[in-house]
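First comes the structure, then the notes that go with it.
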């Protein structure tokens, strides 16, 4: 992960972060070091770069989300240059009849994350149902151990074999699972469905 990608990582984590805060997090004593890296990549100001990051115009290096077959094949930098330690996150290819993840043998995603449960996994989206918000081949970083809050995107299991993505909302009466693209409640679409939350979606990883 290069300097510009580390700056983008901090912006995604906190969109209101200041240049001085970025410099401090990256170990630079002056703001001008951040502006140097921005200008070197043809971004003339932090506002322009923030917009590019938050709208998806800026894409990270493909190495950051590529799958390998183990630590030896992944691209690594010394830990002193990482914002957070790199984690090997398993890839899930499908789910069992009970909604349990089935892992791809030997396939992992090397990813930096502040906090991540031991059961976290990456799942590749195949459907166009959620476009333009989510598109086929997007990787979703899912953590079953992270309880969702109102508005969070969650991965659901609905028998006999459907995985669905929905926005989670709760009321004193019941939980609502709202389609992220069309805004419809799952209870309206599938009145007899008994959804099971597989996990909260923490991050979207999109390729080039």
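The values are calculated or read from the model by the stated rules, or taken from the named source; none is laboratory data. Quantities reported herein were computed from a predicted structural model and do not represent experimental measurements. Please note: Cβ atoms are built from the backbone with ideal geometry, for glycine as well, and neighbour counts cover all protein chains shown.
Tabulated data
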quantity: In the stretch 139-172, the residues that are modelled with pLDDT under 90 and crowded, with 19+ Cβ neighbours inside 10 Å; calculated: 139
quantity: Conditions (1) within 24 Å of the chain's Cα centre (by Cα); (2) farther than 19 Å from residue 59 by Cβ; (3) at pLDDT below 85: number failed by residue 13; calculated: (2)
quantity: Criterion (within 23 Å of residue 59 (Cα to Cα) and either surrounded by 14 or more Cβ atoms within 10 Å (Cβ to Cβ) or under 16 Å from the mean Cα position of the chain (by Cα) (or both)) met by exactly one of 122, 187, 193, 175; calculated: 122
quantity: Criterion (under 30 Å from residue 106 (Cα atoms), part of a helix (DSSP H, G or I) and modelled with pLDDT of 85 or more) met by exactly one of 23, 8; calculated: 8
quantity: Residues of the stretch 72-92 classified as at pLDDT 75 or above and loosely packed, with under 14 Cβ neighbours inside 10 Å, total; calculated: 1
